[in-house]
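Before any comments, here is the structure.
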Amino acid sequence: GPLVFGVAVSHHTFHQLPADGGYLVSTDKFFKLEVSCVGVAEEKVAGLLLRATVEYDTGEELTPRHANEQMLVGLTSVTVERGKASFNLKMGPTVLSARHGGKKFKLRIDLSSERLREQNKGCT
């Protein structure tokens with residue numbers, strides 16, 4: 001049957017804490033994000049690949065403006081080990097609020113496999 005579990009942030013680094021809330025990361029520096037799989041036994045998610053993508057904070061998709069534009073730099077797909085996945089990422093050089101009408105961004109963590117994402121829609 002389908003896997004249903006959530007992903008919770010267990011550790012992260014950021015570069016600034018703005019007064020209006022959220023977290024600020026630079027396009028020049030890497031940041032760490034560790035997530036834990038919740039609501040499922042560790043052995044059921046061991047070895048699964050999770051991926052990180054960036055989207056607008058409204059949930060709207062952030063699409064590259066050209067074929068070579070990187071939205072996220074670093075290892076964007078990582079293997080779940082002991083119920084956790086650790087990413088080391090940097091925002092792409094063009095992922096700046098100033099270049100996107102002042103919009104803010106968020107990271108989405110879900111299953112790397114498109115087939116598994118379709119079968120397990122609750123896993124984000």
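The values are calculated or read from the model by the stated rules, or taken from the named source; none is laboratory data. Computed from a prediction, not measured in an experiment: that's the story for all the values here. Glycine gets a Cβ as well: all are built from the backbone with ideal geometry, and neighbour counts include every protein chain shown. For accessibility, only protein heavy atoms count, side chains too; no ligands or nucleic acids. Shrake-Rupley method; radii C 1.70, N 1.55, O 1.52, S 1.80 Å.
Things worth noting here:
- Residue in region 58-74 that is among the hydroxyl-bearing types (S, T, Y) and touching a strand residue (DSSP E or B) at 6+ places or on another chain (Cβ under 6 Å) present: no
- Selection count where residues are of a type outside the set (D, E) and closer than 13 Å to T79 by Cα, scope region 22-43: 3
- All positions within region 34-73 that are of a type outside the set (A, V, I, L, M, F, W, C), open to solvent by less than 70 Å² (accessible area, probe 1.4 Å), under 16 Å from S86 (Cα atoms) and free of Cβ contacts under 8 Å to residues at least 60 places away in the same chain: E34, S36, G47, T53
- Taking the criterion of being of a type outside the set (G, A, S), in a strand (DSSP E or B) and open to solvent by less than 20 Å² (accessible area, probe 1.4 Å), the residues of region 74-106 that qualify are V78, F87, L89, M91.
- Tabulated pairs, region 2-21, first more than 20 Å from M91 (Cα to Cα) and aliphatic (A, V, I, L, M), second open to solvent by less than 50 Å² (accessible area, probe 1.4 Å) and at pLDDT below 75, C-beta under 8 angstrom, 6+ apart or interchain: L3/L116; L3/N120; L3/C123; V4/N120; V4/G122; V4/C123; V7/C123
- In region 76-94, the residues that are in contact (Cβ under 8 Å) with a residue 24 or more places away in the chain and closer than 20 Å to S113 by Cβ reach residues that are in a loop (DSSP other than H, G, I, E, B) and of a type in the set (S, T, N, Q) with C-beta atoms within less than 6 angstrom, at least six apart or across chains, in these pairs: S77/S112.
- In region 1-31, the qualifying residues are those that are touching a His at 6+ places or on another chain (Cβ under 8 Å) and open to solvent by 60 Å² or more (accessible area, probe 1.4 Å), and the one that is modelled with the highest pLDDT is K29.
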